[in-house]
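Since the structure comes first, as structure tokens, the remarks are kept for the end.
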Amino acid sequence: MSFKEKIISILFSSTLSRNTKFKNKHKDETCYIIGNGGSLKYMDLSLFSDNITIGINHLCLHKDFNKLDVRYYALVESFFLYPYCKNPYTKKYQVNILGGLFRRSFPQDKEINLFVSLTNILGHRLKNINYLYHFGRRIPDVKNKNISGAFSFMSGGLHAGIGLAINMGFKKAILVGCDYTFTPISNGHFYSMGPPRRGNKGNTNYQDLFNESKELIELSVITDQGSSNILPYQTYEEFTGKRLKYHENTEIVNAEYLGMLRKAVELKQYGSPI
């Protein structure tokens with residue numbers, strides 16, 4: 001552990017230790033981990049209300065978010081919640097549109113435990129918030145899966161969602177809207193304009209994550225109409241008995257939030273058409 005990490009440990013060990021209350025809280029239960037993929041444009045979220053959901057990234061922008069049983073939420077990008085940010089593309093400091101969008105859209109009237117990077121501890125006034133930190137362990141490793149200490153599952157929302165599910169004792173996690181696990185890969189988000197785009201092949205960026213997790217939790221994925229060569233899968237129709245029905249982003253995302261996303265595109269903080 002570096003000197004910086006040792007200082008962080010001394011200063012924030014009591015903050016991180018509060019997460020012990022979540023350990024094995026849902027032992028042997030099943031959960032959904034629901035992402036932001038464009039496949040959600042075709043799906044009725046109310047059909048996933050039978051199990052607890054761990055939401056990730058910008059799922060809260062979806063108008064049907066309240067139809068899910070969301071108890072936990074992960075958004076672990078560093079320094080994401082501060083009012084200002086340094087744009088990694090333009091290298092300029094700007095008003096943080098995406099962080100402001102999340103602070104605006106995340107439902108504070110719900111009893112949802114939000115997990116964010118410890119780097120955000122001074123950047124918000126959100127409630128029910130819990131902090132996670134990697135202490136330099138940035139590659140998924142079951143030896144460093146402790147949400148009260150070194151938590152190596154912080155490379156993105158899906159990593160954090162799976163790591164949280166493991167810590168909480170869930171026996172099985174069903175991934176929904178996690179389109180990078182599809183074969184061929186599906187690109188796009190439910191809040192972007194137009195249908196998702198199909199790639200030429202599957203995505204193996206998550207293979208290390210799944211390899212590390214497979215002995216601790218049973219993972220599977222719901223696809224729109226394709227397959228997955230990296231996880232067991234069922235199509236939406238097989239899983240729900242319902243047919244896919246497409247909705248454009250203007251039908252499932254609040255106009256105010258779409259306006260903020262368009263502003264983020266204008267400032268080059270986000271790249272897809274809105």
Fill in: Where a residue in the stretch 252-274 is at pLDDT below 95 and its partner, wherever it lies, is surrounded by fewer than 17 Cβ atoms within 10 Å (Cβ to Cβ) and of a type in the set (Ser, Thr, Tyr), with Cβ under 7 Å and at least six apart
268/89; 268/90
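Only one residue in 216, 118 is open to solvent by 20 Å² or more (accessible area, probe 1.4 Å), modelled with pLDDT of 95 or more and of a type in the set (A, V, I, L, M). Which one? Steps first, please.
Details: 118 fails: open to solvent by 20 Å² or more (accessible area, probe 1.4 Å).
The conditions single out 216.
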Worksheet item: Does the stretch 234-249 include one or more residues that are open to solvent by 80 Å² or more (accessible area, probe 1.4 Å), in contact with a helix residue (DSSP H, G or I) (Cβ under 9 Å, 6 or more places away or on another chain) and closer than 27 Å to residue 88 by Cα?
Response: no
Item to complete: Scan the helices (runs of 4 or more DSSP H) fully inside the stretch 220-274 and keep the ones with 3 or more residues being farther than 30 Å from residue 103 by Cα.
Response: 236-240
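Using the structure shown, decide if residue 62 is open to solvent by 10 Å² or more (accessible area, probe 1.4 Å), within 17 Å of the chain's Cα centre (by Cα) and at pLDDT 95 or above.
Values: open to solvent by 10 Å² or more (accessible area, probe 1.4 Å): no; within 17 Å of the chain's Cα centre (by Cα): yes; at pLDDT 95 or above: yes.
The answer is no for residue 62.
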Item to complete: May I ask you to list the residues in the stretch 139-183 that are under 28 Å from residue 39 (Cβ atoms), outside any strand (DSSP E or B) and among the charged types (D, E, K, R)?
Response: 171, 179
Worksheet entry | Which listed residue is buried (at least 22 other Cβ atoms within 10 Å of the Cβ) and among the small types (Gly, Ala, Ser), from 39, 78, 46 | 39
Practice prompt. Determine which single condition residue 116 fails, assuming it passes every other condition in (1) in contact with a helix residue (DSSP H, G or I) (Cβ under 7 Å, 6 or more places away or on another chain); (2) in a strand (DSSP E or B).
Written response: (1)
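Being without any contact (Cβ under 8 Å) to a residue 12 or more places away in the chain, open to solvent by 10 Å² or more (accessible area, probe 1.4 Å) and either out of contact with any His (no Cβ under 7 Å at 6 or more places or on another chain) or in a helix (DSSP H, G or I) (or both) narrows it down to one residue among 27, 21; which is it? Outline the logic, then answer.
Values: 27 fails: without any contact (Cβ under 8 Å) to a residue 12 or more places away in the chain.
So the residue among 27, 21 that is without any contact (Cβ under 8 Å) to a residue 12 or more places away in the chain, open to solvent by 10 Å² or more (accessible area, probe 1.4 Å) and either out of contact with any His (no Cβ under 7 Å at 6 or more places or on another chain) or in a helix (DSSP H, G or I) (or both) is 21.
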Worksheet item: In the stretch 81-93, which residues are surrounded by fewer than 17 Cβ atoms within 10 Å (Cβ to Cβ) and either closer than 15 Å to residue 157 by Cα or in contact with a Lys or Arg (Cβ under 8 Å, 6 or more places away or on another chain) (or both)?
Response: 86, 87, 89, 90, 92, 93
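The values are calculated or read from the model by the stated rules, or taken from the named source; none is laboratory data. On a predicted model such as this, the values are computed, not experimentally measured, just so you know. With ideal geometry, Cβ positions are generated from the backbone for all residues, glycine too; neighbour counts draw on all protein chains shown. These accessible areas exclude ligands, DNA and RNA; they are computed on the full protein's heavy atoms, side chains included. Shrake-Rupley method; radii C 1.70, N 1.55, O 1.52, S 1.80 Å.
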